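Below is one structure, written out as structure tokens; comments come after it.
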Amino acid sequence: MGRRLALLIATYLYDDAGLRRLTAPAHDVETLAAVLRDPEIGGFEVTTLVNEPNHRVGEAIADLYRDRRGDDLTLLYFTGHGLKDDDGRLYLATRDTRRDSLIFTAISGEQIDYAMEACASRRKVLILDCCYSGAYPAGRLAKAGDDVHALDQFRGRGRTVLTATDATQYAFEGDRVHGEAPRSVFTRHLVEGLRTGRADLDGDGDITLDELYGYVYDRVVAEMPQQRPKRQDNVEGRTVIARNVNWSLPPHVGHALTSPMAGDRLNAVDTLDHLYRVGNGLVRARVREALLRLADDDSRMVSAAAAARLRALGAEPPASPEPPEPTEPREPAEPPVRSEPAEPAEPAEPVGARAPDPEPAAPQAPSESPETETGSPAATTRRPRRHRPRRRRTRSPRRRPPGRRLCPLTSPPPKSTSPRLVVRRVLRRPGDSPYRRLRHRASRRPDE
């Protein structure tokens, strides 16, 4: 990876009395240097020159473009006053610049163009936050009009030029100054977009020059409609000027990850996969954290999709925890044996006391297997078993479907409430009608 070098030039003080009457540029170069020098944002090797004379500034510009490689990134920033002569040539004013001798006391645009042309770097950035003025001799009109045409003077391959404006705000006629210009806000919005990360318009974690210009242009025009920034580039690919350190997941992705609907979380997996492929290292780290959370989702469909994306992106999903080994059940501990209280000792008998009468001997219990006189064991008597009557199982009466009548011939006889009473149906004669001539005869079962 190539080096990233930046040279920041700012001139607020001038020896020329006419230049001192112009609106001084804002003191924003210190904040811009801090942002570009930050290793988390810009990562540039920054050199700052403030209110330096012409020869010091020329040497620093020559050192910036000398001995560079093709993959190096160079950035030249200038804030101050730009002067345009009657032939339309552009000069950048330094502290010792004199309006009547611009060729020898100012930095011409042609010198910067020659230095950039001789540089081997394929990515060269030039940012001009200048308040342009027309320096004409007294009584002579400008030949090139009011526009500076700064972009036309820095055309070349591998260059990107950003200007705060391209019109002259002041005009010198001898020692007289005409016109007025408010203080430029171009650098302030430039620093704000880099420091806060708001210039990352596509949300991929990188701030390119195209995104930075689009962000600054909208802010400058909204605040000062009379100031119109311009841009010109001739670079292959995109030039990343800084990283968005405040990057976070887009709001719609954050809502999808916390949605109770499994379909929303499943759709977020595709968006996270796209961000991982186009994002930088910071974006990939945070996207991987989100995919790891989805891999543990309670929905099997979401967790399987997240695990598959992690494997496709080269990140292993978290291993599922192994189930704990079954432990053998412990035998219940035996209850502690309670010790019986010791019996109280009997009081000692006094000497000469009468001994108690001996207790009668208890009758001996017969042995389990007594023998008869002949020597054979006697027959043991068993206790007769108690006869328990068997319970009669009763069936629940079948329910008749509604609207169905029973046939007296085929239907079983109704059961009586008494278990010993049987009801029978008998016909009087074989030719009688079974529905009208019925006689009920009850008979009792014999006792068992």
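The values are calculated or read from the model by the stated rules, or taken from the named source; none is laboratory data. The structure presented is a predicted model; accordingly, all values stated were derived computationally and were not measured. Glycine also receives a Cβ, built like all others from the backbone with ideal geometry; neighbour counts cover every protein chain displayed. Surface accessibility is based on the protein's heavy atoms, side chains included, excluding ligands, DNA and RNA. Shrake-Rupley method; radii C 1.70, N 1.55, O 1.52, S 1.80 Å.
From the residues in segment 18-47 that are open to solvent by less than 40 Å² (accessible area, probe 1.4 Å) and more than 37 Å from the chain's Cα centre (by Cα), which one is nearest to Leu194 (Cα to Cα)?
Ala26
How many of the residues making up segment 108-131 are within 23 Å of Asp67 (Cβ to Cβ), in contact with a Gly (Cβ under 9 Å, 6 or more places away or on another chain), among the charged types (D, E, K, R) and in contact (Cβ under 8 Å) with a residue 40 or more places away in the chain?
Result for segment 108-131: 4.
Identify the single condition in (1) modelled with pLDDT of 85 or more; (2) open to solvent by 10 Å² or more (accessible area, probe 1.4 Å) that Asp152 does not satisfy, given that it satisfies every other one.
The number of the failed condition is (1).
Quick one: how many residues across segment 97-107 are over 13 Å from Leu64 (Cβ atoms) and buried (at least 19 other Cβ atoms within 10 Å of the Cβ)?
Of the residues in segment 97-107, 5 are over 13 Å from Leu64 (Cβ atoms) and buried (at least 19 other Cβ atoms within 10 Å of the Cβ).
Identify the single condition in (1) open to solvent by less than 50 Å² (accessible area, probe 1.4 Å); (2) out of contact with any Gly (no Cβ under 6 Å at 6 or more places or on another chain); (3) of a type in the set (Gly, Ala, Ser) that Gly237 does not satisfy, given that it satisfies every other one.
Failing condition for Gly237: (1).
Based on this model, can you work out whether Asp297 counts as surrounded by 10 or more Cβ atoms within 10 Å (Cβ to Cβ), in a loop (DSSP other than H, G, I, E, B) and at pLDDT 85 or above?
Yes, satisfied.
Going by the structure shown, is Val220 open to solvent by less than 10 Å² (accessible area, probe 1.4 Å) and in contact with a His (Cβ under 8 Å, 6 or more places away or on another chain)?
Yes; evaluated as a whole, the condition is true for this residue.
Among the residues of segment 109-130, which ones are open to solvent by 20 Å² or more (accessible area, probe 1.4 Å) and not in a loop (DSSP other than H, G, I, E, B)?
Glu110, Gln111, Asp113, Tyr114, Ala115, Glu117, Ala118, Arg123
Residues of segment 266-294 being open to solvent by 20 Å² or more (accessible area, probe 1.4 Å) and over 22 Å from Asn244 (Cα atoms), which ones?
Residues satisfying the conditions are Leu266, Asn267, Asp270, Leu292, Arg293.
Residues of segment 48-93 being part of a strand (DSSP E or B), open to solvent by 30 Å² or more (accessible area, probe 1.4 Å) and aliphatic (A, V, I, L, M), which ones?
Val50
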